[in-house]
Amino acid sequence: MAENIFLEVVTPSKAVVSEEAQIVVAPGSEGEFGVLKGHTTFLTSLKLGTLRYKDSSGHDRAVFISGGFAEVLPNKVTVLAESAERRKDIDVDRAKKAKERAEKRLSSAGGGVPADIDFVRAEAALRRAIHRLSIKGVA
Ligand code: ATP
């Protein structure tokens with residue numbers, strides 16, 4: 001069997017993942033990509049999405065990523081994310097509240113200029129909340 005690759009996912013406030021993985025699949029801004037040990041070196045930006053990996057015991061893991069960068073080396077993947085949580089650490093109530101807040105802001109901003117900073121922020125917050133809920137299997 002192929003050897004493992006080391007995966008690190010960090011945000012400005014915490015280390016989210018630091019362990020070996022059999023395979024890593026990440027939401028690149030140009031599309032999802034998979035990495036096994038021995039992959040060619042490259043650097044890419046990431047979009048909001050789910051980083052998936054198989055840990056060294058073969059368990060499937062999912063991590064919410066709000067966007068960021070990934071550096072791929074032959075033996076290591078480093079993800080620098082704006083915010084990230086493992087599926088088990090996602091707080092469903094918090095995400096539901098964030099979704100409601102964002103929806104309220106967006107409906108009260110109806111007819112506003114699309115480039116309005118609050119509109120853009122609320123839209124991004126809504127996307128984060130919806131994706132967190134989808135990882136937890138909540139519609
Ligand atoms: P909120 O409005 O609830 O803070 P947000 O989308 O604005 O949500 P982020 O800016 O993406 O939050 O993240 C801020 C910090 O809070 C990060 O450390 C992130 O991991 C954590 N976080 C945000 N939402 C959740 C959640 N639903 N469950 C667990 N951790 C969360």
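The values are calculated or read from the model by the stated rules, or taken from the named source; none is laboratory data. Because the structure is predicted, anything quoted here is derived from the model rather than measured. Cβ sites come from the backbone with ideal geometry, for glycine too, and all protein chains shown count toward neighbours. Note: areas computed on protein heavy atoms with side chains; ligands, DNA, RNA excluded. Shrake-Rupley method; radii C 1.70, N 1.55, O 1.52, S 1.80 Å.
Listing for the model above:
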{"quantity": "Selection status of R105, more than 17 Å from E19 (Cα to Cα) and near the ligand (Cβ under 9 Å from one of its atoms)", "calculated": "no"}
{"quantity": "Number of the condition not met by A84 [criteria: (1) open to solvent by 20 Å² or more (accessible area, probe 1.4 Å); (2) within 9 Å of the ligand (Cβ to nearest atom); (3) of a type in the set (A, V, I, L, M)]", "calculated": "(1)"}
{"quantity": "Flag for V72 being surrounded by 15 or more Cβ atoms within 10 Å (Cβ to Cβ), away from the ligand (no atom under 15 Å from the Cβ) and of a type in the set (A, V, I, L, M, F, W, C)", "calculated": "yes"}
{"quantity": "One residue from G137, G110, G67 being modelled with pLDDT under 95 and either within 9 Å of the ligand (Cβ to nearest atom) or not charged (D, E, K, R) (or both)", "calculated": "G110"}
{"quantity": "Output for region 21-46, where each listed residue is surrounded by fewer than 16 Cβ atoms within 10 Å (Cβ to Cβ) and among the charged types (D, E, K, R)", "calculated": "E30, E32"}
{"quantity": "Selection count where residues are touching a residue at least 60 places away in the same chain (Cβ under 8 Å) and assigned to a loop (DSSP other than H, G, I, E, B), scope region 38-73", "calculated": "2"}
{"quantity": "Set A15, A95: member being surrounded by 12 or more Cβ atoms within 10 Å (Cβ to Cβ), within 17 Å of the chain's Cα centre (by Cα) and of a type in the set (A, V, I, L, M, F, W, C)", "calculated": "A95"}
{"quantity": "Residue check, S107 surrounded by fewer than 17 Cβ atoms within 10 Å (Cβ to Cβ) and small (G, A, S)", "calculated": "yes"}
{"quantity": "The listed residue being among the basic types (K, R), modelled with pLDDT of 95 or more and either within 19 Å of V10 (Cα to Cα) or not assigned by TED's automatic domain parsing to the domain that holds P12 (or both), out of R121, R128, R105", "calculated": "R128"}
